[in-house]
Amino acid sequence: VVEKEGGRLAETALLEISAAHLALGETGAALQALDELLAVTADDEMRDRVWLRVGWIYLDQGEFTAAGQAFARVRPESREKLGIGELEEGLERAGDIPRKSPAAAGIFSLVPGGGYLYTGLKRDALVAFLVNGAFAAAAWEAFDNDLPVLGGILTTVGLGLYTGNIYGGVSSAHKFNRQEEKAFVERLRQDSRLRLGASPDGGWLALEIPF
């Protein structure tokens, strides 16, 4: 359709192509289809709606600066209808999103469970501390009782668990940050009434029903 038809039908096809890629998790391909649409359309209102979609794609990826730049491309006469002002005001609060430092989590994990405790995972912290402590104590006891082979095995396993504890602590910080960013975007979506209300493309009612 895009290659042979052109015009409004091709523009609609490019929108659907972008939506299909996005549903498949192919963000780059979705943005590429929207870039192609921006290059071929002469409709200013269509371009505004495309920039709004681009901004939301970047928002969902946690790329807040790129999202703000996309929203800024919407023409002044379309900003109120598409709720751009509210979105930009919300983006100004992105700096207030709670975050945990992965580096700090790694340092705290030098004490087994410390990284998990830093990110609020108290149960995981307790398990990591007890398991690592148990293997360390067992290895010590084995060496103390002249059982070097058993002590070596316990030490090897214990070191693996200790390394996993550090990796897990760092990963928990990244996971915490992703969850907070996702929650922030979801609140922004609700505040701008894009889930139920004015469609991101403007002009009609949209209802999202996952299945």
Going through the stretch 52-87 in order, the residues found to be of a type in the set (Ser, Thr, Tyr) and more than 18 Å from Gly28 (Cα to Cα) are Ser78
Which residue pairs have Cβ atoms under 7 Å apart, sit 6 or more places apart or on different chains, and have a first residue in the stretch 20-48 that is closer than 21 Å to Ile84 by Cα and a second that is open to solvent by less than 30 Å² (accessible area, probe 1.4 Å) and outside any helix (DSSP H, G or I)?
Arg47/Thr41; Asp48/Val74
Looking at (1) within 30 Å of Glu180 (Cβ to Cβ); (2) assigned to a helix (DSSP H, G or I); (3) not polar (S, T, N, Q), which one does Leu37 not meet, given that it meets all the others?
(1)
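Among the candidates Val1, Val40, single out the residue that is open to solvent by 80 Å² or more (accessible area, probe 1.4 Å) and touching an Asp or Glu at 6+ places or on another chain (Cβ under 8 Å).
Val40
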Can you say whether Phe143 is more than 28 Å from Gln61 (Cα to Cα), open to solvent by 40 Å² or more (accessible area, probe 1.4 Å) and in contact (Cβ under 8 Å) with a residue 24 or more places away in the chain, as far as the supplied structure shows?
no
Which of the residues belonging to the stretch 144-194 are among the β-branched types (Val, Ile, Thr) and farther than 26 Å from Pro102 by Cβ?
Val149, Ile153, Thr155, Thr156
Just checking, how many residues over the stretch 83-106 are at pLDDT 95 or above, in a helix (DSSP H, G or I) and not small (Gly, Ala, Ser)?
1
Does at least one position in the stretch 50-62 carry a residue that is open to solvent by 90 Å² or more (accessible area, probe 1.4 Å) and outside any loop (DSSP other than H, G, I, E, B)?
no
Please list, ordered by first then second residue, the pairs with beta carbon atoms under 6 Å, 6 or more apart or interchain, first in the stretch 146-161 and of a type outside the set (D, E, K, R), second open to solvent by 90 Å² or more (accessible area, probe 1.4 Å) and at pLDDT 90 or above.
Gly151/Phe143
Give the stretch 133-184 a look and list any residue that's on the phi > 0 side of the Ramachandran plot and under 40 Å from the mean Cα position of the chain (by Cα), or say none.
none
Qualifying residue in the stretch 81-89 (condition: open to solvent by 20 Å² or more (accessible area, probe 1.4 Å), charged (D, E, K, R), farther than 18 Å from Gln190 by Cβ and touching a helix residue (DSSP H, G or I) at 6+ places or on another chain (Cβ under 8 Å)):
no
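The values are calculated or read from the model by the stated rules, or taken from the named source; none is laboratory data. Remember, predicted model here, so these are calculated numbers, not experimental data. Methodologically, a virtual Cβ is constructed for each residue, glycine included, from the backbone with ideal geometry; neighbour enumeration extends over all protein chains shown. Remember, those area values only see protein heavy atoms, side chains included, never the ligands or the DNA or RNA. Shrake-Rupley method; radii C 1.70, N 1.55, O 1.52, S 1.80 Å.
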